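Quick notes on the structure that follows.
Values in this text are rule-based calculations from the coordinates and carry no lab data. Everything quoted here is computed from the prediction, not taken from an experiment. Please note: Cβ atoms are built from the backbone with ideal geometry, for glycine as well, and neighbour counts cover all protein chains shown.
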Amino acid sequence: MSINHQKNIIEVEKVSFSYGNVEVLKDITLAIHQGDYISLIGPNGGGKTTLLKIMLGLIEPQAGQIKLFGEKLQDFKDWSKLGYVPQKAINFDPLFPVTVREVVAMGCYGKKGLLKWLNKKDQTNIDDALAQVEMTKYADRLIGNLSSGQQQRVFIARALAGKPEVIFLDEPTVGVDIKTQEEFYSLLTHLNSDMNITLILISHDIDVVTNEVTELACLNQTLVYHGEPKKFMKGNYLETLYGKNARFIDHNH
Amino acid sequence: MLEIFQYGFIVRGLEAGILIGLIAPLIGIFLVLRRYSLIADTLSHVSLAGVAVGLLLKINPLWTALGASALSSIAIERLRTSKKIYGETALSIFLSGSLALAIVLIGLAHGFSVDLFSYLFGSIVTVKQIDVYIILGLSVLIALSVFLFYKELIYIAFDEEASTVSGLPVKIFNTLFVLLAAIVIAISIPIIGILLISALLVLPTITALQLKQSFTKTLLWAEIISVFSIITGIITSFYLNISSGGTIVLIMLTIFGIVLSIYGKK
């Protein structure tokens, strides 16, 4: 698959959204290109998750529209091009009786269609996905018995099993330790640079993601900044985003 | 032991019971995992109103219970997804509302209180031959639906949001699912009784969950526990001349207690 970094795969056009009277997103326009590794950052309540859910069609904006792969979201059918890793570290039922392999298999279901069983090729895709995230030896373990870092890898494998072109991740590193977090980001870099998967990542770790991603989009109701992380660091955006007393907290001491 | 099978009602009861024992966990496992257990209680009370209508109009109560349960399940699902009221308040409106309706209908026709008792707590004596055929037909329908949409039902139960993103028609499946639950509940009434149905749906699954197995193995264990409890429950209730529904639930509870004491410590 050749990568065309000029090609828009997700277009957010003049999107506004409010919960009741509270305006969460105001007139957001943003294009995400093939091969991008973009992080959505911003304060809590700034609209990151809302925008992600609008892009995925889970909620409908009051104004504006979304285009996925050049098509209006309402007309878009090819959902298997999208992978989604929800914020599971917190709200996932550890008693649900599924093995790692059963979870990863779910990634194939949407593509497979109704009334069709998984075939050998799907099983190979599941094996490959498990191998990519180095979870092969845990395939028969129950998902609830793994650490949150391992669970997060399984959810990435589930997204990979559908062979997506773009993966959306909602705060994947919440609740994992620094070492796990580092391994996690190197896995994401691998997916982006070696497997050419476009990544859209919501994150709180501004200091970490600025070193990892190729693009940053900062949201606080409006799109405060969109561009390279380096320019973001030079600008005065943090103050605009978080107020005057914002500074980076160094996790590594 | 064998003389028990000379009685037609026991044979009919066992036939209907085994069918219900087989299909109850198919629906119960999803009800438990989706935190929908309470919907079983609500739909069983709605079925009671349906039974009262049937007894009053002299129609087979199984049909009226099915109709009431199916219609209400769709209405509850609509109310829940409209987000105009909380999900559990939708359930309590239907639970108390249908109980009120049932009591009024029962009051209107004084005569059938004895019959009603067997609908409340289950009595295989009420199972007629035609009921066995109705239960058989609907059981095949339910087993087939769960078999055909097994992978989608698991995905939606595990992660509704991600399954929506993957393009599955989640709303249609949710409606289909509550409709299937409504059918199971309505046809279980003669065996287990309205007040005990949620135990039939919930207990085998939560017992099997303690074994910490994969999804399919958990379902298989729930099936074994469910069918075993129903067969032993019906036979025991025959010899001791006690309510079949109560006996079945107590057997299920005993198995749950044993399994929990062995596996629950881990």
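Once you sort the root eigenvalues of the Cα gyration tensor of segment A:1-87 as a ≥ b ≥ c, which label holds: rounded (a/c under 1.5), prolate (a/b larger than b/c) or oblate (the other case)? Display every interim value, and only then the final one.
Values: a/c = 1.80, a/b = 1.55, b/c = 1.16.
In terms of gyration-tensor shape, prolate.
Loop-located trypsin sites (Lys or Arg not before Pro) in segment B:81-181 (DSSP state other than H, G, I, E, B) with a sparse environment of at most 12 neighbouring Cβ atoms within 10 Å: B:Lys83, B:Lys84. At q = 0.07, 0.13 Å⁻¹, what is the log10 ratio I(q)/I(0) for the protein assembly as shown, with the Debye formula run over Cα points and no solvent? Summing over Cα pairs of the protein assembly as shown leads to -0.48, -1.19. Placing a label point 7 Å from the Cα of B:Val140 along the Cα-to-Cβ line, the residues of segment B:186-216 whose backbone N sits under 20 Å from it are B:186-188. Non-local lysine pairs in segment B:2-263, meaning eight or more places apart or on different chains, with alpha-carbon distances under 30 Å, amount to 9. With K and R counted +1 and D and E -1, the other residues having a Cβ less than 9 Å from that of A:Tyr109 yield a net charge of +2.
Considering only DSSP beta bridges with both partners in the protein assembly as shown, what is the antiparallel share in %, to the nearest 5?
Values: 21 of 38 bridges.
Among the beta bridges of the protein assembly as shown, antiparallel pairing accounts for roughly 55 percent.
For chain A, adding -39500 (n - 2.57) for each run of n ≥ 4 DSSP H residues and dividing by the number of residues yields -9500 deg cm²/dmol at 222 nm. Structural size metrics of segment A:8-242, computed from C-alpha coordinates, are Rg and Dmax of 17.8, 55 Å. Across peptide A:77-83, the mean count of Cβ atoms from other chains lying within 10 Å of each residue's own Cβ comes to 2.
Listed by number, the DSSP H helices of chain A that run 24 Å or longer by alpha-carbon position along their axis and have mean Kyte hydropathy of at least 0.5 come to an empty list.
To the nearest 0.05, what FRET efficiency results for B:Thr254 and A:Lys234 with a Förster distance of 60 Å applied to their C-beta separation? Write down the numbers at each step before the final one.
Working: r = 71 Å, r/R0 = 1.18.
Given R0 = 60 Å and the Cβ-Cβ separation, E is 0.25.
Overall shape: oblate for segment B:22-128, with the ratio a/c of the largest to smallest alpha carbon gyration tensor axis at 1.5 or above and b/c at least equal to a/b. Legend: mean number of C-beta atoms from other chains within 10 angstrom of residue C-beta atoms, peptide A:55-61, equals 2. Helices in chain B that qualify as membrane-span-like (whole DSSP H runs, Cα extent of at least 27 Å along the helix axis, mean Kyte-Doolittle hydropathy of 0.0 or higher) are B:8-33, B:37-57, B:61-82, B:87-108, B:129-148, B:170-192, B:215-240, B:244-263. Between A:Ala31, A:Ala105, A:Ala217, the residue with the greatest mean-square fluctuation in the GNM of chain A (Cα pairs under 10 Å linked by springs) is A:Ala31. Working from label points 7 Å from Cα in the Cα-to-Cβ sense, the B:Leu22 to A:Glu182 distance is 5.8 nm.
Here the extension length gained between B:Glu160 and B:Val104 equals 16.2 nm, from 0.36 nm per residue of separation less the Cα-Cα distance. With the Kirkwood sum run over all distinct C-alpha pairs, segment B:2-263 has a hydrodynamic radius of 18.6 Å. Viscosity 0.890 mPa s, temperature 25 °C: give me the Stokes-Einstein translational D for segment A:171-210 in µm²/s, with Rh taken as the Kirkwood radius over C-alpha pairs. Translational D for this selection: 230 µm²/s. Straight-line cross-link reach from A:Lys53 at under 12 Å between alpha-carbon atoms covers these aspartates and glutamates, not counting any fewer than eight positions away in the same chain: A:Asp170, B:Glu161.
Can you list, largest first and rounded to whole Å, the semi-axes you get for segment B:173-217 by taking the square root of 5 times each eigenvalue of its Cα gyration tensor? Walk me through the intermediate numbers first.
Details: eigenvalues 97, 53, 9 Å².
Output for segment B:173-217: semi-axes of 22, 16, 7 Å.
Ranked for footprinting exposure by Cβ neighbours inside 10 Å, fewest first, B:Ile74, B:Ile154, A:Ile41 give B:Ile74, B:Ile154, A:Ile41. Roughly how crowded by other chains is peptide A:106-116, in terms of the mean Cβ count from those chains within 10 Å of each of its Cβ atoms? Whole-number average of other-chain Cβ neighbours for A:106-116 is 5. Round to the nearest 0.05 the FRET efficiency obtained for B:Leu211 and B:Ile59 when R0 = 35 Å and r is the Cβ-Cβ distance. Here the calculated transfer efficiency is 0.25.
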